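Take a look at the structure below.
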Amino acid sequence: MTGSLAYLWLEAKRQWRNREILIFRLGLPTAIYLILNAANGDTPPTSSGGRMVAIAALAAVISGLAAGPSLGDERANGWLRQLRTTPLRPSAAVAAKIVVAMSFALPAIALVAAAAGLVGDNQGTALGWAESIKLVGLMWLATTPITAIGALIGLTFGGEAAHGATTLAFVVLWLAGGIFTPPSQMPDALAAVARTLPSYGVVQIGESVAGGFSLSASAVVVLAAWTVGAGALAALAWRRVVTR
Amino acid sequence: MTNDIDSSAAQTSPASIATFDGVTRRYGRVTAVDGLSLQIGSGETVALLGPNGAGKTTAVDLLLGLAHPDAGVVRLFGGRPADAVAAGRVGAMLQDAGLPQGARVAELIGLVRSLYPDPLSIVDTLRLADLEAVAGRRVERLSGGQRQRVRLALALAGNPELLILDEPTAALDVDARRGFWHRVRAYVSEGRTVLFATHRLEEADAVADRVVVIAGGRLLADGTPDQVKAQAAGRSTISVAAGGLSQELLERLPAVETVDQARGRLTLSTSDPDATIRALLQQAPHVQGLEVSQVGMEEAFRHLTHQGGTP
């Protein structure tokens, strides 16, 4: 156990002091939010959570999928094999990636919410402190299935292929997953797909807090199903990785 | 074709800590390790010598539990390899294993230390691997030689009973190689066991007290460096025109090891050319086109491993 924690600590330090990672995962979503907000301030709200929830969900997707390329690279360069010659429990390497991905998702979502609070979100309603904290916390928990998808990608594809698969997953979740366009404005078939994607679950959770309604049961079901499904597939992929 | 020089030494080693028993491992249609039986005793420094593609890395993977045999049994410290690894009894330096970007040298060593029950101190590890000057440096800012030493440090940091090194000096120049083995010797002088894979005969000769030669996944020779060298270097080839001579006749001559027929000539290898030629001239006085050549050490080693490589 102490070994797993030591590995988690090293993995966290390693990623948190990487400037490119910080800019991409934390800076980029906030910058996108501020730019969009300044660019078309007067468009009517597209959903009750508005732009802030959509971009916070984008931040969740960016950080959540990050385990994919990271695991893929370390499988390709042999570091995971090197770890397997030590007493470290093999699953600790995957667990560390997921936990560190979550450690980025929380501030990434919080920064977008904070930016909305500072500039005064002109879509959706302004939130108080308690609601903001609730929004950030629940959207962060809803990021869990996306980290499972990231781990699944990293364990299924090695090296460059993991980067490609992560980009593909990002584009699908962003464009078809209810972040770029709400399902209500999509063609029916695409909307049906969007409602089953975990990114839309994250959006729905955010909207329910921002709009003051109770949590959407369908969103919770979708998020739980993706967590279990991607988690189980990742576990299967993991077994294939460790036994050659 | 197995030339077992001194199998008794291997079998009677005091405490066998690693055992291959009839181990076969295939990857698709390639048989990487083919019926390998081998024991490594406590305190030995063993070179696993063979050309590229001989099955050395697969043997190392099998020993570490990174690969599983299709047939036969691999035991490490009397149990499953994975259990010995989990218990922290083994440290390994794999071929070309990468390091995680952004980590500092001392952090990686600290991580490995935290995983083993009785690690070396960080000071000793840095000193053994000659890394004191770069302890705080991130791994992506290291030179190739420094990275190699970091990988050695990660294998040593846990203070394992058995150290496994797969082609550890492949990326190093001559001076760096000498320094590397100097450091490994300093570590093993305290009674630890080392198994290293190499394709360099001179490296096996200089470092190991036992050399195991494999090619095509099979054991070809097993003995002290002097014994293996004698087997490789003391070999001569005799070539004669094939006319009227049978391969069987040549195979029965004293000291003959192999006989090959090609392009109208019979070529045999012998460990005692004088005795072979005397007997040959007695039994076939009219033999024509006799040529005798002394095979150099490298060439003989190549010959030895090539034979095993072609089933």
* Could you give the alpha-carbon Rg of the range B:58-108 over 2.2 N^0.38 Å, rounded to two decimals? -> 1.39
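Scaled to the compact-protein estimate 2.2 N^0.38 Å, what is the alpha-carbon radius of gyration of the range B:142-225, rounded to two decimal places? Can you show the working numbers first?
Details: Rg = 13.1 Å, N = 84, 2.2 N^0.38 = 11.8 Å.
Here the Cα radius of gyration is 1.11 times the empirical estimate.
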* Show which aspartates and glutamates lie in cross-link reach of B:Lys56 when reach means a straight Cα distance below 13 angstrom and same-chain residues fewer than eight apart are skipped. => B:Asp34, B:Asp166, B:Glu167
* Once amide H atoms are built 1.01 Å from N in the peptide plane, which residues 5 or more positions from A:Phe157, or in another chain, come under 5 Å H to H? -> none
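Compute, for the protein assembly as shown, the length of the dipole vector about the Cα centre, with Cβ point charges of +1 (Lys, Arg) and -1 (Asp, Glu) only. Units Debye, rounded to 20. All intermediate terms of the calculation are to be shown ahead of the outcome.
Details: 47 positive and 46 negative charges, 234 e Å.
Using only the charged Cβ atoms, the result is roughly 1120 debye.
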* Asked: Mean 1/r over all different Cα pairs, inverted: what Kirkwood radius does chain B give, in Å?
  -> 21.1 Å
* Structure fact -> Neighbours of A:Leu71 by Cβ distance under 14 Å: Lys/Arg at +1, Asp/Glu at -1, summed charge +2
* Please compute the Cα-Cα pair-distance distribution of the range A:154-222 with 5 Å bins starting at 0, giving whole percents from short to long. => 4, 17, 21, 20, 16, 11, 7, 3, 1
* To do: Could you work out the per residue convex hull volume over the alpha carbons of the range B:120-189, in cubic angstrom?
  => 86 Å³
* So what J values fall out for the range B:200-212 if you push phi through Karplus, 6.51 cos²θ - 1.76 cosθ + 1.60 with θ = phi - 60°, rounded to Hz, Gly and Pro as x? -> 9, 4, 5, 6, 4, 4, 6, 9, 8, 9, 8, 10, 10
* Structure fact -> Semi-axes in Å, largest first, for the range B:185-240 (Cα gyration tensor, √(5λ)) are 26, 13, 9
* Structure fact -> With N residues in the protein assembly as shown, Rg(alpha-carbon) / (2.2 N^0.38 Å) equals 1.29
* To do: Evaluate the Debye formula for the range B:182-293 with equal point scatterers sitting on the alpha carbons, no solvent, and hand back log10 of I(q)/I(0) at q = 0.11, 0.18, 0.20 Å⁻¹, in q order, two decimals.
  => -0.50, -0.89, -1.01
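Taking the range B:236-294, how much of its Cα-Cα pair set, in percent, is spaced more than 15 angstrom apart? Walk me through the numbers on the way to the answer.
Values: 624 of 1711 pairs.
The calculated P(r) of the range B:236-294 puts 36 percent of pairs beyond 15 Å.
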* Structure fact -> Using alpha-carbon positions, the gyration tensor of the range A:201-242 gives root eigenvalues a ≥ b ≥ c; with a/c under 1.5 called rounded, otherwise prolate if a/b exceeds b/c, else oblate, the class is prolate
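Report, please, the projected area of the range A:93-244 averaged over directions, based on the convex hull of its C-alpha atoms, in nm².
9.9 nm²
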* Asked: To the nearest µm²/s, what D does Stokes-Einstein give for the range B:73-158 at 25 °C and 0.890 mPa s, using the Kirkwood radius over alpha carbon pairs as Rh?
  -> 183 µm²/s
* Asked: Residue by residue, what Karplus-based ³J(HN,Hα) values in Hz, rounded to whole numbers, does the range A:82-93 have, using 6.51, -1.76 and 1.60 with θ = phi - 60° and x for Gly and Pro?
  -> 4, 4, 6, 8, 10, x, 4, 4, x, 5, 4, 5
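Considering only DSSP beta bridges where both residues belong to the protein assembly as shown, give the percentage that are antiparallel (nearest 5). All intermediate terms of the calculation are to be shown ahead of the outcome.
Values: 36 of 55 bridges.
Here the antiparallel bridges make up roughly 65 percent for the protein assembly as shown.
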* Asked: Got a sec? Charge dipole of the range B:43-185, +1 on Cβ for Lys and Arg, -1 for Asp and Glu; which of B:Gly72, B:Asn52, B:Val90 is way out at the positive end?
  -> B:Val90
* Dipole of the range A:94-242, Cα-centred, from +1 at each Lys and Arg C-beta and -1 at each Asp and Glu C-beta, to the nearest 20 debye? -> 440 debye
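Quick note: the coordinates plus some simple rules give every number you see, no bench work behind them. Just so it is clear, the structure is predicted and the values come from calculations on it, not from any experiment. Neighbour counts run over all protein chains shown; Cβ positions are idealised from the backbone, glycine included.
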